Amino acid sequence: NHQSFPCQQACYERFPAGEVSEDLEWLKGTVWRWNDWRDVDLVPNGQFLAPTRECEMGDCHWFARNKMVYIMWGNAGLHTVKLDDSKRSLRGMRYDGEELHATLRGRREHDEEEEDDEEEDDGDLDDEDLYEILGLDFEEATDATIKKAFRKLSKEYHPDRAQNSGKDPEEAAKMFEKVRSAYEVLSDADKRLLYDTGGMEAVREYVATQGQEGGGRGMFGMFFGGGGGNRNRDRDAEYTLRVSLADMYKGGKMRTSINRRVVCRGCSKVTDKNRERCSACGKCPPEVRMVQRQMGGFLVNQQEQVASKERCKQEPAKLNVDIEKGVAQGERIVFPRMSDQTPGKIPGDIVIILEQEPNNQFRRDGDNLATVVHPSLKEALTGFSHSFAHLDGHEVEIETDPRSDIRQIIKPFEKRTIRGEGMPRHNVPSESGSLVVEFDIQFPESLSEEQKQRLREILP
């Protein structure tokens, strides 16, 4: 039993790769700009070439008839496009309804020698260290140094400049492409993490599953256990951080440390420099890989666990948590890609959830604060002046004088509001809520007969 899927998918075997109706024979060998993304090739032998992992492994095919072109894009499923009357544009949709378009770029000769050269070039890039291509040390590389190295090397090996500087044009062009490819990976935070933890294979798999880059999610992957487009990303990890009410009032920074699993990239090439550090690394958890199997006449994708070749270790993630003025209980502060690392996956986020610690003097209610003062009966009747320290240390004064206003006599559990002395409004710290002061009058435990008599005479 499985969910339904488009009829084109079920009928795919009736239209084998490379079968093209006579009126569309001219499509063989053409190159198209796909979704304003990259160039793709309709190879004469029925192979569909695109810069994604499935297509590079030969898992993408095409066929055409009746002005329709059908492309089986590996685990990204069936793509169906129609040729317009100008014969220069293709439009259609993916199995899941996402719109597609392509524009004719020209023709390319495809032969075994060229395909062998392309495979050799890809292999060379796989075998090389992208950081070394840019002349950087992995441990010291930052976004700024990566950008700086790319700018320097792309100028040095640009075909126009290389020819003037005496470099071999062919070698310079190859190096220029390597520099550009290295920067394309290392300048993207997600791709860089994938490369660091799983190499170029992990990067290609990630690109292949991104809908915006022409791959999208695999239909069979969803129906038969392959997961959706987020299978490259690990889960987020949530942690609670207790924060004082005073810090929520004043704002500030807190430092915390959370243990997480990291993939040790250095362990793939142990040197004298990293030997001691890598000695603490152990096995990484099993990796989940996609494999293709034949089921009932269909080629489907399934997940399976395989032992990881990478090495992992526990390492503290040191976090600087910004506590903004007026921030609320339960506020979620996200640290992207800082959770446990798994080879070939983008780490999830660390999510810090703020939990307010109880305060002995103040109680919070949204943007308002409440506190209790304890005047004596005498003070409640005759007036008093009282002050106390607020959360940031400034003094708040309360003064009553029944002589000027009979309403200044304090009644038991009466509440009075002081505007502007509450919590700062989050994201609008120039505004504040109110402070509600409740009066808990302290009655004397006993009175003498003389005192009682005097009160009878004074009080109405």
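Sorted by average packing, counted as other Cβ atoms within 10 angstrom per residue and highest first, what order do 413-420, 21-28, 61-68 take?
Descending mean neighbour count gives 61-68, 21-28, 413-420.
Starting from the Cα of Gln451, step 7 Å along the direction of its Cβ; do the same at Ala144; then give the gap between the two resulting points in nm.
Taking the two extended label points, one gets 7.2 nm.
Rounded to two decimal places and with Rh computed the Kirkwood way over Cα pairs, what is Rg over Rh for the range 302-391? Display every interim value, and only then the final one.
Details: Rg = 24.8 Å, Rh = 18.8 Å.
Here Rg/Rh amounts to 1.32.
Applying the Karplus parametrisation 6.51 cos²θ - 1.76 cosθ + 1.60 with θ = phi - 60° to the phi angles of the range 65-72, what ³J(HN,Hα) value in whole Hz is obtained for each residue in order, glycine and proline being reported as x?
6, 6, 6, 10, 10, 10, 10, 8
Between Asp440 and His390, what's the calculated FRET efficiency when r is the beta-carbon distance and R0 is 22 Å? Round to 0.05. Please list the in-between numbers first.
Numbers: r = 19 Å, r/R0 = 0.87.
Working from the Cβ atoms, E equals 0.70.
Report, to the nearest whole %, how much of the accessible area of the range 309-359 belongs to carbon and sulfur atoms, 1.4 Å probe, protein only.
About 43 percent, which is the carbon plus sulfur part of the accessible surface.
Relative to the present Cα-Cα distance, how much length would full extension add between Lys250 and Asn320 at 0.36 nm per residue of separation?
On the way: separation 70, 0.36 × 70 = 25.20 nm, distance 1.66 nm.
Length difference between fully extended and current span is 23.5 nm.
Amide H to amide H, which residues 5 or more places from Arg260 or on other chains are under 5 Å from it, using H placed in the peptide plane?
Glu315, Ala317
Which residues' amide hydrogens lie under 5 Å from the amide hydrogen of Val321, considering only partners 5 or more residues apart or on another chain, with H built in the peptide plane?
Answer set, sorted by chain and number: Met254, Arg255, Thr256.
In straight Cα distance, which lysines are under 23 Å from Lys67, not counting same-chain residues fewer than 8 positions off?
Lys28, Lys82, Lys87
Got a sec to turn the phi values of the range 417-433 into Karplus ³J(HN,Hα) couplings, 6.51 cos²θ - 1.76 cosθ + 1.60 with θ = phi - 60°, whole Hz, x for Gly and Pro?
Listing the rounded values in order: 10, 10, 6, x, 10, x, 6, x, 6, 4, 6, 9, x, 6, 10, 9, x Hz.
Apply the Karplus curve 6.51 cos²θ - 1.76 cosθ + 1.60, θ = phi - 60°, to the phi angles in the range 74-81 and return the couplings in whole Hz, x for Gly and Pro.
Rounded to whole hertz, the list is x, 7, 7, x, 7, 10, 10, 10.
Out of residues 5 or more away from Glu128 or on other chains, whose amide H comes under 5 Å of its own, with H placed 1.01 Å from N in the peptide plane?
Answer set, sorted by chain and number: none.
Have a look at the DSSP beta bridges in the range 304-457 and tell me what percent are antiparallel, nearest 5.
Around 75 percent of the beta bridges assigned by DSSP in the range 304-457 are antiparallel ones.
If each of Gln329 and Asp168 carries a label point 7 Å out from its Cα toward its Cβ, how far apart are those two points in nm?
7.1 nm
Using a 7 Å offset from the Cα along the Cα-to-Cβ direction at both Phe413 and Glu399, what is the distance between the two label points in nm, to one decimal?
Output for this residue pair reads 3.0 nm.
Expressed in nm to one decimal, what extension gain is obtained for the pair Arg363 and Val31 from 0.36 nm per residue of sequence separation less their Cα-Cα distance? Please list the in-between numbers first.
Numbers: separation 332, 0.36 × 332 = 119.52 nm, distance 6.85 nm.
Value of the extension gain: 112.7 nm.
Near Lys155, which lysines are there with a Cα under 23 Å away, not counting those fewer than 8 places off in the same chain?
Hits, sequence-local ones excluded: Lys147, Lys167, Lys174, Lys178.
The values are calculated or read from the model by the stated rules, or taken from the named source; none is laboratory data. These numbers were taken from a predicted model, which means no experiment stands behind them. With ideal geometry, Cβ positions are generated from the backbone for all residues, glycine too; neighbour counts draw on all protein chains shown. Note: accessible area is taken over every heavy atom of the protein model, side chains too, but ligands, DNA and RNA are not part of it. Shrake-Rupley method; radii C 1.70, N 1.55, O 1.52, S 1.80 Å.
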